[in-house]
Amino acid sequence: MKQELYPLTFHPIYKEKLWGGRQLERILGRTLPPGPIGESWDVAAHAHGTSVVDRGPLAGKNLQQLVDEYGEKLLGDRFSGSGTFPLLLKLIDANDDLSVQVHPDDAAVRRHGGEAFGKTEMWYIVHSEPGAWIIWGLKPGVTKEKFAQAVDGGREAILECLNKVFVRPGEVYPISAGLVHALGAGCLVAEIQQNSDTTYRVYDWDRVDAQGKPRELHVQQALDVIDFSPQAQDKAYHLARCAQYFQFEVLDKPQGLVLDSKEGFQILTALGGSTQIAFQGGAVELAAGQSCLLPAALGSCTLHAAGTILRSSPPRP
């Protein structure tokens, strides 16, 4: 007999990055492994990292195993047929500037012989140091030809093409496939995205790794998928509004909010203060920065939180 599903929490999957830091430790109280930790994959079922349940009767099973075993009961009837968990939730600590990059959409990633999914994502600024910024798209009038010349021209030429935005905690930025972007130093963000790990780097600030080698760039692939239209940022906002790939909502200190997962799973991410999810059969407490997956078959549960909660879920029909 299958174990009944319940709100699932997971062991974080930490990714050491050249640009990573220790903000997950300092801001969210995480216990981190040594080194510059750039990412924590908190709900993931990907070849590059699959979450493992950390408590309850299903502890030790990974998310892909649960997708295979429970299918519709975990995902909902609209997503069970693919056998793939469609989203990925991570935290990103930019202790240094991330590369200027772009992600392909579904069609482009397959055209380039990559993954099954492209990568549209959403950033929520959890914390930002004074003066922290992101790159969010290109400046008006930048064409493919101009940008290609700028990439060959180096740092100053590239900076002239990029749209720099200073950020504050609590802000949300949609990053559609095709939108040039980068996280600047001092940003800690929560990211919900399609289940993909495909990134095309355009420029990496002339940085070298521990062996003195520059990281690989993917200029031609990037030029092929970048949206150079004047409406690129508007398209990102449109994708966020129409929820083509996922729904995303910021909940401010919800008390007694009833959540129903009958249309599909939900991911809750607690960003501070005490958080409790009460369901038939018990309750789950979340620490600051911790995420929880509510299976579709869970039915209704009640959320009590003293801080901000991010709610991510698959798109509505």
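Brief remarks follow.
- Centre-to-centre separation between the Cα atoms of segment 218-257 and those of segment 35-88: 23 Å.
- Counted over the chain with a bin width of 20 Å, the fraction of Cα pairs per bin, in whole percents, is 32, 58, 10, 0.
- In segment 75-214, Cα pairs under 8 Å separated by at least six residues give a relative contact order of 44 percent.
- 0 to 90° range, to nearest 10: angle between helix 144-153 axis and the chain longest Cα axis: 70 degrees
- Between the residues Leu88, Gly212, Val126, the greatest Cα displacement towards the positive end of the dipole of segment 10-244, with unit charges on the Cβ of Lys, Arg, Asp and Glu, is found for Val126.
- Contact order for segment 10-244, expressed relative to its length and based on alpha carbon pairs under 8 Å spaced 6+ residues apart, stands at 23 percent.
- Local electrostatic count, Pro33, Cβ distance below 12 Å [Lys/Arg +1, Asp/Glu -1]: +1
- Paramagnetic reach from Ser274 (point 7 Å along Cα→Cβ, amide N under 13 Å) across segment 41-77: none
- Added length on full extension, which subtracts the Cα-Cα distance from 0.36 nm per residue, Arg215 to Ala283: 19.9 nm
- Positive minus negative residues near Tyr237 (Lys, Arg vs Asp, Glu; Cβ under 14 Å): -2
- Helical contribution to [θ] at 222 nm, DSSP H n ≥ 4, -39,500 (n - 2.57), averaged over the chain, rounded to 500: -4500 deg cm²/dmol
- Residue among Ser82, Ser229, Ser261 with the largest mean-square fluctuation in a Gaussian network model of the chain, springs linking Cα atoms under 10 Å: Ser82
- Compared with the direct C-alpha span, the chain from Ala185 to Glu160 gains 7.1 nm at full extension, assuming 0.36 nm per residue.
- Looking at segment 201-296, the GluC sites (Glu not before Pro) that sit in a DSSP loop and have at most 13 other Cβ atoms within 10 Å of their own Cβ are Glu216.
- Ordered by the count of other Cβ atoms within 10 Å of each Cβ, fewest first, His304, His46, His238 give His238, His304, His46.
- The lysines within cross-link reach of Lys139, meaning a Cα-to-Cα straight distance under 23 Å and a gap of 8 or more places when in the same chain, are Lys119, Lys164, Lys235.
- Surrounding net charge for Gln290, when Lys and Arg each add one and Asp and Glu each subtract one, Cβ distance under 10 Å: -2
- For segment 176-303, fraction of C-alpha pairs farther apart than 24 Å, in %: 49 percent
FYI, it's all coordinate maths here, none of it is from the lab. Predicted model only: the values in this text are computed from it and were never measured. Ideal geometry is used to build each Cβ from the backbone, glycine not excepted, and the neighbour counts take in all protein chains shown.
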